[in-house]
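Written below as structure tokens is the structure these notes are about.
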Amino acid sequence: MTMLRKQRGSTLLVALVMLMLLTLIALSAMNASTTSIEVVGNAQLREEASAAEQQAIEGVISSNFTANPVSSVAMVNVGGTNYAVAVAVPTCKSTVSIVNSQLDANNPDDAVCLSSGSLQNTGVMNASGVLSTTQPWCYQQTWEVSATVNDSDTGANTSVHQGVSLRTPAGTDCP
């Protein structure tokens, strides 16, 4: 009986220690999941901001931006959040003249660029059926368009640079 009296209350002490350990493990798991949710939320906001930038760049590229390149600010809604996207002045990186042999006469985009070797011959094929190597009416230009989002509401700060290569009328030089 002396042994039993010495152990009385030890079960309660062990149970309290185990309960304390389980509580600490549960709190640690809750903190880890909260941190993970914040990381995922930040990644989502960054991706939304990048999508907004890409959408603003596509809007600039689809316009006739080579005629008068200017900076702009576009309001883009992605995922229910409005982003103010600052698009920098597009910069022309290079202008390369192309020859008729590099064009496809069946492609409507290329057809406007094809030129004739002489005024008597209005076609683009020479006698052997090969495209002439005369200077066409277009140049191949490479441009860079940049967009930035600095959203104070979400804290998203991203930047996207997009290169685009397009045909411009002959005589259009890089500004």
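Dipole orientation for region 1-114: of the candidates Met75, Ser63, Ile98, Met75 has the Cα lying most toward the positive pole (charges on Cβ; Lys, Arg +1; Asp, Glu -1).
Assuming 1.306 mPa s and 10 °C, estimate D for region 6-88 with Stokes-Einstein, Rh taken as the Kirkwood radius over Cα pairs, in µm²/s.
So the translational diffusion coefficient is about 91 µm²/s.
Per-residue Karplus couplings for region 35-48, computed as 6.51 cos²θ - 1.76 cosθ + 1.60 with θ equal to phi - 60°, are listed in order as 5, 4, 5, 5, 4, 5, x, 5, 5, 5, 4, 5, 5, 5 Hz, Gly and Pro entered as x.
If R0 equals 45 Å, the separation of the Cβ atoms of Cys174 and Ile37 corresponds to a calculated FRET efficiency of about 0.40.
Taking packing as the residue-averaged number of other Cβ atoms within 10 angstrom, the listed peptides 67-74, 99-106, 140-147, 46-53 run from highest to lowest as 46-53, 140-147, 99-106, 67-74. Computed extension length for Asn82-Asp109: 6.2 nm, one decimal, from 0.36 nm per residue of separation with the Cα-Cα distance subtracted. A simple rule links phi to the HN-Hα coupling: the Karplus curve 6.51 cos²θ - 1.76 cosθ + 1.60 with θ = phi - 60°, which for region 54-70 gives 4, 5, 5, 5, 4, x, 5, 5, 6, 8, 8, 6, 6, 5, 8, x, 9 Hz, with x for Gly and Pro.
Given +1 at the Cβ of Lys and Arg, -1 at the Cβ of Asp and Glu and no other charges, the dipole of region 5-74 around its Cα centre is 1040 debye to the nearest 20. Amide H to amide H distances under 5 Å link Tyr83 with Val76, Asn77, Val78, where only residues 5 or more positions off or on other chains count and H is placed in the peptide plane.
Bear in mind these aren't lab numbers, they're just calculated from the coordinates by the rules spelled out. Just so we're clear, the structure is a prediction, and the values are computed from it rather than from any experiment. Note: ideal-geometry Cβ built from the backbone for every residue, glycine included; neighbour counts use all protein chains shown.
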